[in-house]
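Colleague: Take this structure first; my questions come after.
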Amino acid sequence: MTGAEVLDVARDAIWTIVIVASPLMVVGLVVGVVISLVQALTQIQEMTLVFVPKILAIFITMILALPFMADALHSHMLRISSRIAGG
């Protein structure tokens, strides 16, 4: 493999990671901001209040987005295996 091919594989892998992780990260960010706003409005400064809603939201999102994430990882594996088989 040449340097350009290695960089192409690495770029593709990083892009796949971003695509797979983005739904969970966006939901975690949105839930965290909403809970922080609720805490600021109600003046409840409990640090552990954020964890349970965020974990539940991320878990539900992971269940809903699992087919998409598996498809993205499957297509990435097919691209990698075709590179390996192609030489």
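Colleague: Residues being within 23 Å of Val20 (Cα to Cα) and more than 16 Å from the chain's Cα centre (by Cα): count how many of those fall in segment 35-74.
Modeller: 3
Colleague: While we're looking at this one, here's another question. Enumerate the pairs (first residue in segment 1-23 and more than 15 Å from Ala72 (Cβ to Cβ) and at pLDDT 95 or above; second residue anywhere and loosely packed, with under 11 Cβ neighbours inside 10 Å and aromatic (Phe, Trp, Tyr)) with beta-carbon separation below 7 Å, excluding pairs fewer than 6 apart on the same chain, so at least 6 apart or on different chains.
Modeller: From segment 1-23, no pairs qualify.
Yes or no, residue by residue, for (1) in contact with a helix residue (DSSP H, G or I) (Cβ under 7 Å, 6 or more places away or on another chain); (2) under 30 Å from Met1 (Cα atoms); (3) among the acidic types (Asp, Glu); (4) assigned to a loop (DSSP other than H, G, I, E, B):
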{"position": "Leu24", "(1), (2), (3), (4)": "yes, no, no, no"}
{"position": "Val38", "(1), (2), (3), (4)": "no, no, no, no"}
{"position": "Ile60", "(1), (2), (3), (4)": "no, no, no, no"}
{"position": "Pro67", "(1), (2), (3), (4)": "no, no, no, no"}
{"position": "Ala70", "(1), (2), (3), (4)": "no, yes, no, no"}
{"position": "His74", "(1), (2), (3), (4)": "no, yes, no, no"}
{"position": "Ser82", "(1), (2), (3), (4)": "no, yes, no, no"}
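Colleague: With surrounded by 13 or more Cβ atoms within 10 Å (Cβ to Cβ), modelled with pLDDT under 95 and among the hydrophobic types (A, V, I, L, M, F, W, C) as the only criterion, which of Leu37, Leu49 stands out?
Modeller: On inspection, the qualifying residue turns out to be Leu49.
Colleague: Something else now. Which pairs turn up if I take residues in segment 64-76 that are more than 14 Å from Ala13 (Cα to Cα) and look for partners that are surrounded by 12 or more Cβ atoms within 10 Å (Cβ to Cβ) with beta carbon separation below 8 Å, at least 6 apart in sequence or on another chain?
Modeller: Hits for this filter: Ala65/Pro23; Ala65/Leu24; Phe68/Pro23.
The values are calculated or read from the model by the stated rules, or taken from the named source; none is laboratory data. Computed from a prediction, not measured in an experiment: that's the story for all the values here. In this analysis, Cβ positions are derived from the backbone assuming ideal geometry, glycine residues included, and neighbour counts consider all displayed protein chains.
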